[in-house]
Amino acid sequence: MHQFSPLSQMVVRYICYGMFAVVLSARTIWPLIQQLSPADWRKLIVLSLQGNIVYYLCLATGVKYAGIAPTTLIIGVLPLTITLMGRHEHDSLPMRKLLLPSALIVLGIGAISLDVFLHNDNQLHSSPAQRAFALMAAVCALACWTFYAYRNAQYLRTHPQVSASDWSNLTGVVTALLAVLMLMVGYVVSLFSPNHLLALNTDPSLDWLAFILIGGLAVAFLASWLGNMLWNKASQALPISLSAQLIVSESLFSLLYGFIYDARWPRGLEWAAMGLALSGVLWAIQLHVRAHPQEAVPEMH
């Protein structure tokens with residue numbers, strides 16, 4: 001979907017997410033909406049912006065202009081950043097114990113960033129300035145999802161009466177409404193600056209059917225509706241610091257899918273970056289398990 005702008009991808013994905021949320025929870029969604037307090041609405045808006053709207057805009061920008069591997073490895077720092085975000089929790093580790101794992105992760109990000117500028121990937125069609133901007137966008141995506149994951153988990157753990165699926169559906173509805181607002185913004189921007197980052201694609205010759213089927217329906221159902229529901233269940237059942245570390249699987253799968261899509265093996269700096277970043281994350285996980293062995297196998301209720 002490289003022909004479509006990040007805003008177009010975001011709008012289609014999250015409007016479809018809202019449609020799935022309404023259709024698949026038709027019996028329960030309206031009573032839930034009526035029960036929401038103003039504080040709940042504010043929380044949903046903030047979380048939808050952090051975890052969906054702004055996050056995906058930044059993520060899509062990173063992938064489009066810097067590539068899958070660099071964006072993945074930057075997002076792959078999530079286990080550490082979420083753990084640091086929850087450093088005031090009773091089960092958090094002191095920062096001094098995480099200095100060496102953090103140093104490996106920083107070196108890994110440095111290696112993958114260097115690789116971005118040393119190799120001109122013909123599939124990206126991006127200038128050095130665009131790649132630098134894309135790397136910053138990936139860091140912004142990392143920050144957004146760090147705040148989202150921590151605050152979302154806090155809410156679910158302090159509101160056990162709200163089920164993971166209900167919260168995912170409510171998030172989908174609010175995200176879809178925000179995506180409609182972004183649709184209007186993108187339309188106005190397109191009138192004056194068609195090539196702007198926040199412009200919508202309007203070229204009728206593009207493959208719109210594949211874009212809606214893949215970028216909208218498939219990604220909206222699997223990554224948004226189903227993925228958010230499963231993540232909410234994990235956030236409600238596990239300590240924040242442990243669920244944060246388990247998200248390392250996202251990086252592993254993304255790297256695997258990315259190199260399969262590019263039909264190539266990783267380059268030398270990419271191997272080094274993956275080794276450094278993932279070693280740092282796994283080291284941090286091991287430190288946590290040693291400090292809190294009782295959380296390695298959560299008690300089933």
Determine whether LEU213 is exposed (fewer than 15 other Cβ atoms within 10 Å of the Cβ) and of a type outside the set (Ser, Thr, Tyr). yes
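In segment 4-36, how many residues are in contact (Cβ under 8 Å) with a residue 40 or more places away in the chain and either within 18 Å of LEU183 (Cβ to Cβ) or of a type in the set (Lys, Arg) (or both)? I'd like the intermediate steps shown before the answer.
Our first condition is that a residue be in contact (Cβ under 8 Å) with a residue 40 or more places away in the chain; within segment 4-36, this holds for 4-22, 24-25, 28-29, 32-33, 36.
This time we only want the ones that are either within 18 Å of LEU183 (Cβ to Cβ) or of a type in the set (Lys, Arg) (or both), so: 4-22.
Result for segment 4-36: 19.
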Among (1) closer than 22 Å to MET229 by Cα; (2) at pLDDT below 95; (3) surrounded by fewer than 23 Cβ atoms within 10 Å (Cβ to Cβ), which single condition is GLN9 missing? (3)
Which residue pairs have Cβ atoms closer than 7 Å, lie 6 or more positions apart in sequence or on different chains, and pair a first residue in segment 91-102 that is over 16 Å from SER279 (Cβ atoms) with a second residue that is modelled with pLDDT under 75 and acidic (Asp, Glu)? ASP91/GLU295
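Residue by residue, here is whether (1) farther than 21 Å from VAL219 by Cβ; (2) of a type in the set (Gly, Ala, Ser); (3) more than 19 Å from the chain's Cα centre (by Cα) holds:
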residue: ARG13; (1), (2), (3): no, no, no
residue: ILE33; (1), (2), (3): yes, no, yes
residue: SER37; (1), (2), (3): yes, yes, yes
residue: LEU49; (1), (2), (3): no, no, no
residue: VAL63; (1), (2), (3): no, no, no
residue: THR72; (1), (2), (3): no, no, no
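Which of the helices (runs of 4 or more DSSP H) found entirely inside segment 183-282 contain at least 1 residues meeting this: at pLDDT 85 or above?
Values: elements: 227-237, 240-246, 248-262.
The qualifying helices (runs of 4 or more DSSP H) are 227-237, 248-262.
Out of SER249, SER243, SER224, report the one residue that is surrounded by fewer than 15 Cβ atoms within 10 Å (Cβ to Cβ) and among the polar types (S, T, N, Q). Don't jump to the end; show me each part of the working.
Working: SER243 fails: surrounded by fewer than 15 Cβ atoms within 10 Å (Cβ to Cβ); SER224 fails: surrounded by fewer than 15 Cβ atoms within 10 Å (Cβ to Cβ).
Going through SER249, SER243, SER224 in turn, the sole match is SER249.
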Considering only residues that are surrounded by 16 or more Cβ atoms within 10 Å (Cβ to Cβ) and either at pLDDT 95 or above or of a type in the set (Ser, Thr, Tyr) (or both), look in segment 153-168 and name the one that is nearest to ALA220 (Cα to Cα). SER168
Given the conditions (1) out of contact with any Lys or Arg (no Cβ under 9 Å at 6 or more places or on another chain); (2) within 16 Å of ILE45 (Cβ to Cβ); (3) not hydroxyl-bearing (Ser, Thr, Tyr), which single one is not true for ARG151? (1)
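Please give the helices (runs of 4 or more DSSP H) falling wholly within segment 35-87 in which 2 or more residues are surrounded by fewer than 22 Cβ atoms within 10 Å (Cβ to Cβ) and out of contact with any strand residue (DSSP E or B) (no Cβ under 7 Å at 6 or more places or on another chain). Spell out the reasoning first.
Details: elements: 38-48, 54-66, 68-75, 78-85.
Output list reads 38-48, 78-85.
Just to be sure before I move on: is ALA237 touching a residue at least 24 places away in the same chain (Cβ under 8 Å) and within 15 Å of the chain's Cα centre (by Cα) in the structure I sent? Quick ask: steps written out before the conclusion?
Numbers: touching a residue at least 24 places away in the same chain (Cβ under 8 Å): yes; within 15 Å of the chain's Cα centre (by Cα): no.
No; evaluated as a whole, the condition is false for this residue.
The values are calculated or read from the model by the stated rules, or taken from the named source; none is laboratory data. Everything numeric here is computed off the predicted structure, so don't read it as measured data. Virtual Cβ from ideal backbone geometry, glycine too; neighbours counted across all protein chains shown.
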